[in-house]
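Structure record follows, encoded as structure tokens.
The values are calculated or read from the model by the stated rules, or taken from the named source; none is laboratory data. All values reported here derive from a predicted model rather than from experimental measurement. Every residue, glycine among them, receives a Cβ derived from its backbone with ideal geometry; neighbour counts consider all protein chains shown. For the accessible areas, the whole protein counts, side chains as well, though only heavy atoms, and no ligand, DNA or RNA atoms are used. Shrake-Rupley method; radii C 1.70, N 1.55, O 1.52, S 1.80 Å.
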Amino acid sequence: MTTSDVINPATEEVLRTVEQTDESGVDDAVARATVAQRDWARRAPADRAAALRAFAAVVDAHVEDLAGLEVANSGHPIGNARWEAGHVRDVLQYYSATPERLSGKQIPVAGGLNVTFNEPLGVVGVITPWNFPMTIASWGFAPALAAGNAVLVKPAEWTPLTTIRLGELALDAGLPPDLFQVLPGKGSVVGERFVSHPDVRKIVFTGSTEVGTRVMAGAASQVKRVTLELGGKSANIVFDDCDLEKAAATAPYGVFDNAGQDCCARSRILVQRNVYDRFMELFETAVKGVVVGDPRDGGTEMGPLVSEAHRNSVAGFVGEDAPIVFQGSAPTGPGFWFPPTVLTPARDDRTVTEEIFGPVVTVLPFDDEADAIALANDTVYGLSGSIWTDNLSRALRVSRAVEAGNLSVNSHSSVRYNTPFGGFKQSGLGRELGPDAPLSFTETKNVFISVHPEKEVAH
Ligand code: NAD
């Protein structure tokens, strides 16, 4: 059995050593999950609903426990980590209503009764990234379980601890053994086996566009279902008619939240040229005010990057000749720290086109609405974005024109458990969260029942 050390990114200390699942471990888990799923799907809808509510209640009782683990494993500020643990509870609670509401349809046809059933797929494999380990896992496992499936989750190598804990809490809550299993291990081993195993009927993959492309190609050979949540390079568009003070004050949090390791990070700020200088003045004050430090401290707004390798990758975008206009602060000493950094590059620079996934933002001026829309859409990605304007017609025009799955006007919100989330273009395929997510873990089955005409009925 191979093992992997899990490192605290704020201290560089080894937190725990985790056993890595091998290919036969995956095969064994799939076999057990297949049996558990049949039993789960046969249970009364109200029983499945109650089991998910019990899971939510146990998560609620362990919010501090889960949040503390995420602070230690991922370096998330404690306030963020508490929100994330509470979000897992909310997602479970929301989808606990599903088993009793997956009602299918009765469709009027000639000659009989026609009904549709939303049948579970079977065993679902969820592959998660390291940036929001427990929340992203829950977006897959909660609706999948609710729709009657068994779920195997493979957490990212660097950040498996909260997901492992959720697996334990599911058992504490009384979920049937083997129905929900967490399999830590390598993407090239566990992840690839999820894709190649014929009894894993769907892959929910969140991660880089590069690996997501490979997952989709592998899944194609079995026509396996996929949901993909991939990279982003989202725009924060600031028009001259907005509340500029508010736009500038909030812009750092639209990109530097989770140290910029956020698929929805508004990492390209586009500012109308006639207010550019004033925006930059206000933005500088805001960036320098971001509190970067010990993630255990309740006042901390930004922690370290997740690993040394990732810090090196982020630093690779900010070379000696990088057009830095200003930077925030970062602690020195142990920990994978990187200060909030603001660049003003040319429109075609790689810092404008590639996902950096760290606390680095580019700011570009634009001339008018058409220029802003063209710039916002000049990317292979299309995940999220923000539009700052007090003109309602403009807000709606630009919202419709920007090619992205999640937009917010005069705010930077992206994720709510009760609204759909996902990307256009190379940011992904399918949607998670919201009322329809459970349907993506089902097959629609159509059944026609012939009804004899009255004359054939014996009297
Ligand atoms: P990654 O693609 O390197 O890894 C993601 C997961 O895939 C990990 O668990 C990894 O072990 C696994 N994996 C690696 N190789 C695999 C393979 N060959 N087959 C199957 N699985 C494999 O991504 P990351 O660095 O962990 O996460 C960062 C990326 O995730 C960023 O691009 C970010 O934008 C994206 N992301 C997207 C969303 C979204 O909802 N759209 C959310 C969070 C993160």
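The calculated FRET efficiency for the pair Phe117 and His452, based on their C-beta separation and a Förster distance of 22 Å, comes to about 0.45. In plain terms, the bigger the Kirkwood radius, the slower the diffusion; for region 117-218, with that radius from Cα pairs, at 20 °C and 1.002 mPa s, Stokes-Einstein puts D at 158 µm²/s.
Using θ = phi - 60° in the Karplus curve 6.51 cos²θ - 1.76 cosθ + 1.60, the 3J(HN,Hα) couplings for region 88-97 round to 4, 4, 5, 5, 4, 5, 4, 7, 5, 7 Hz; x is entered for Gly and Pro. Viscosity 1.002 mPa s, temperature 20 °C: what is the translational diffusion coefficient of region 294-380 from Stokes-Einstein with a Kirkwood Rh over Cα pairs, rounded to a whole number of µm²/s? Rounded, D is 147 µm²/s.
Each Lys or Arg adds one and each Asp or Glu subtracts one; over the other residues with Cβ under 15 Å from the Cβ of Ser188, this totals -1. Rolling a 1.4 Å probe over the protein chains gives Ile7 an accessible area of about 60 Å².
Lys and Arg at +1, Asp and Glu at -1: add these up for the other residues within a Cβ distance under 15 Å of Ile237 and post the number. Result for the local shell: -1. With Kirkwood's inverse mean 1/r over C-alpha pairs for Rh, give me the Rg to Rh ratio of region 327-423, two decimals please. Dividing the radius of gyration by the Kirkwood radius yields 1.01. Counting heavy atoms of the protein chains alone, Trp337 has an accessible area of about 30 Å² for a 1.4 Å probe.
Near the amide H of Gln20, within less than 5 Å, lie the amide hydrogens of Thr2, Thr3, Ser4, all on another chain or at least 5 residues away, with H placed in the peptide plane. Shown for region 231-296 is the translational diffusion coefficient from the Stokes-Einstein equation, using the Kirkwood radius over Cα pairs, a temperature of 10 °C and a viscosity of 1.306 mPa s: 128 µm²/s. Take Tyr253: with every protein chain present and a 1.4 Å probe, its accessible area is about 100 Å². Both radii are taken from the alpha-carbon atoms of region 235-409; with Rh as the Kirkwood radius, Rg/Rh is 0.96. Near the amide H of Val325, within less than 5 Å, lie the amide hydrogens of Val342, Leu343, Thr344, all on another chain or at least 5 residues away, with H placed in the peptide plane. Axis of helix 276-288 versus longest Cα principal axis of the chain: the two differ by about 80°, to the nearest ten degrees.
Per residue Cα convex hull volume for the chain, in cubic angstrom?
Taking the convex hull of the Cα positions in the chain, it is 163 Å³ per residue.
Computed over neighbours whose Cβ is under 14 Å from that of Ala376, the net charge equals +2, Lys and Arg +1, Asp and Glu -1. Using alpha carbons only, what's the Rg to Rh ratio of region 1-103 with Rh from Kirkwood? Radius of gyration over Kirkwood radius for region 1-103 works out to 1.08. Backbone geometry of region 373-389 corresponds, through the Karplus equation with coefficients 6.51, -1.76 and 1.60 at θ = phi - 60°, to 3J(HN,Hα) couplings of 5, 4, 5, 4, 8, 7, 7, 6, 8, x, 8, 9, x, 10, 10, 10, 6 Hz, x marking Gly and Pro.
For Ser408, the residues 5 or more places off, or on other chains, whose built amide H falls under 5 Å of its own are Gly385, Ser386, Ile387. Could you give the angle, 0 to 90 degrees to the nearest 10, between helix 63-74's Cα long axis and the longest principal axis of the Cα atoms of the chain? Orientation of helix 63-74: about 60 degrees from the principal axis. Only one residue of Asn118, Leu175, Val14 has its Cα farthest out toward the positive end of the dipole of the chain, where Lys and Arg carry +1 and Asp and Glu -1 on Cβ, and that residue is Asn118. Here the Karplus relation 6.51 cos²θ - 1.76 cosθ + 1.60, evaluated at θ = phi - 60°, turns the backbone of region 322-337 into coupling constants of 5, x, 6, 9, 6, 9, x, 9, 7, x, 9, x, x, x, 9, 8 Hz, with x for every Gly and Pro.
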